[in-house]
Structure formats: structure tokens, C-alpha cells
Amino acid sequence: EPSMGPRARWAAGVACICLVSVIWSLATVLKQVIFEDLDFNEPLILTYICNACYIVHLPLHALGRCLGLVEAVPWRATIPVAEPNEDAEAVRDKGSASVGAAAPAPGSTARQAAIAGLLMAPFWFVAQWTYSEGVARTSVTSSTVISASSVIWTLLGSVCLAGERLSVLKVLGVIACVAGNVATQLGDLSGQGHVLGDVLCLLSAMCYATYTTLLKRLAGDDTSVMLLFGTLGLAIFVSAWPIVVATSLPSLRSMTPQIFGLLIFNGVFDNVLSQFAWAKAVQWTSPTAATVGLSLTIPLSMLADIVRGRPPSSWSYLAAPLVAAGFVAVVVASRPEDTSARNCNSSSDTSASSTEDESGDEARAQPVADGAGARGGPYGASAPRGA
């Protein structure tokens, strides 16, 4: 992972997006099978058990450390300590050298990963709970289409909070996805009793977008995803248990081993495996690209409805290519630029700057050494010479 270049990370992120789209489409079908075919219409219990499966990340991480497959993650960043007969100047120099050599990235410690998991847990649980409630009250295609509208909220959140840049291609991709969502919804207007399910799926999309933006903001490239999701699962397991007992205890007692096994299966694949891959997709691409990419579940959900004898409307056939086009546009717009030429030019500029600085006035070097001009002076790298 550390040896992967920007383009390799981007390609791996796109592959993760496609894998998650397939898993989530199949998981939505499984949810409807449990709710309708097996007559176990308990979205809260399904959400609780499936998301509690995230706890498996904690023992897996410990096992990986014992086998040498996972690197140890420090609990917190190390702070340089003065040794005997070492003055304050030496300690400060040692601390500056250690920060410059290996400064802990955001989320690179176990403590930061655990805090991120705790902060994201409520948004994720509400998003999953409302989505399961919506799936129980509407079609697979409708629930998937409305959930894909989270790209709008994710884009807004990423621009405002995570500093993601807008581009014409990215905006066009989002517009194409929204048009696909509207087209599918127009085809679903003839259905009866879907209003509440659609509203719940829309609420889920908003919570999901909040969770996506928090993940990008709180977790860096070096974040331990296993510790993050393990903490998230532990938080849900502990905090949501009283709610499940208070509202669904009779259904919990009547649950058959078959249903329980299907819930565990859904939790392992739909939650543990897919979310691990999805978190990597967010880290390696961008929140908007990952969210738009999951809009690929729309044509997959249409196929699932056809297989189950519930063919979608003609509007849905218009929505599928629109969403696919939006996915391609946003992913291409989020792709990292080829920096090799820019790095070459930067090296040439640096060499030229060094030559000029050596022949310049010695007084100009003092502010830079003190950190006042760390990026080329108080006016930035583009400051005119001799200013």
C-alpha cells in the first residue's frame, strides 16, 4: 500500500467501488428475501446484528499482529523526551527531526482511529437503520436510486468540510446521476404505499453522506481501517442493544437459526467485507467519486428486480446509462494528475532558486530559517524576487 503510486491507488479505489456495488446490490435483495419471503420484517434487528459484526475486525487485527501480517499501530504519537545531560535545544532539534522524518498522519494512531469510529458510529447506524426500514417498504430499484442521491449531499459536505475541489466534469457527472435518479422515480410513481419507504431512504442518504464526509476528514491514508470499523461495531453493539431489547424483544426471541445465519452472512459480506473495501475506495479516490460509483448499484438492482419477476419501468432503462455516465465522469474528474512533469519542472525551479539565493543578500535567509517563509516567503512561492 505505501509503495502504490497515485494512479495505482486511484485504479485500486475504482476496483473497490465496483466490488462494493455488486455486494450491496445482492445484499439488498437478501434483505427483501428476509423481510418478505421469510416473513421476518424487523429492520432494526437486522441492522443491529449486521453492524455488530464489525467487531470481528478487532480480533482479526490482533491475530494479524501476532502472525506478523499487520503492522503495530501506536496508541498515540510519540513525543521526544530529554535524555540525561541533554539541553533543551537538543531536545527541540530532535523533536523537529522526528516530525520531519515521520510525522503521524491524521488517523495514523490507534487512538485517532478509535475516536473516528466512535464519532461515525451514530451516523452510520442511523443510515443503515433507515435504509433497512425503507427497503421493507419499497422496491429494490427505488431504494437503490434514492440512496444514490447521497452523492449530492456528499459533494456539498466534501466541498464545505473536506476541501474537495469542484470541476465542470464532476458537476456534470453529479447532474447525470441526479437525472438518472429522477427518471427512475418517475417510473415508480405508479406504485402505491412507497412514500414512507422513499422518505426513509432519502434520510438514509443524508446520513450516509455525513458519514462519508466524516470518514474522509477524520481518516487519513495511513488510518487502520480494521481498528476504525472494529471500534464502530463495538460502539453499535453496546449502545444499540438497549434500543433493540426495548422495541423488538419478542421478535428477537422468535428468530429462527436460519434467519440468524442469514443475518450473520449478510453482516460479514455486506458490512465487514464491503465496508472495508469501500473505506479504501474513499481513501484512494474521493468521497464524491466513491458515492457516485456506488450509483452503479442502480442497474444491478434493476437486474435483480427482473430476476425476481418485478421488471422495472421504462424510465428505469433511461436511468441506468445516465448513472453509469455520471460515475465515469466523476471518477475521471477525481483521478490524480500525472505529476512527473510537474515534479521535473519543480526540481529545475528549485535548482535555479538555490543558485540565485546563494548569490543574494545573506539577510534574506534568516526569516526562512525561522519559518516565516517556509513556502518561499510570506507571499508564497510566487513572491517576486527581491520583494
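The values are calculated or read from the model by the stated rules, or taken from the named source; none is laboratory data. Only a predicted model underlies this, so the values are computations on that prediction, with no experimental measurement involved. Note: ideal-geometry Cβ built from the backbone for every residue, glycine included; neighbour counts use all protein chains shown. Surface accessibility is based on the protein's heavy atoms, side chains included, excluding ligands, DNA and RNA. Shrake-Rupley method; radii C 1.70, N 1.55, O 1.52, S 1.80 Å.
Data overview
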item	result
Accessible surface of ARG310 - all protein chains present, 1.4 Å probe, nearest 10 Å²	100 Å²
Karplus-derived 3J(HN,Hα), 6.51/-1.76/1.60, for each residue of region 111-118, Hz, glycine and proline x	5, 5, 5, 5, 4, 4, x, 5
Region 17-74 - accessible surface per residue (Å², probe 1.4 Å)	44 Å²
Long-range amide H partners of GLU164 with built H, under 5 Å	VAL159
Estimated FRET transfer efficiency when R0 is 35 angstrom, pair ARG111-VAL332 (beta carbons, to 0.05)	0.40
Karplus-derived HN-Hα couplings along region 304-310 (A = 6.51, B = -1.76, C = 1.60, θ = phi - 60°), whole Hz, x at Gly and Pro	5, 5, 5, 5, 8, x, 10
Full-stretch length increase - LEU118, ASP39 - with 0.36 nm per residue and alpha-carbon distance subtracted	25.1 nm
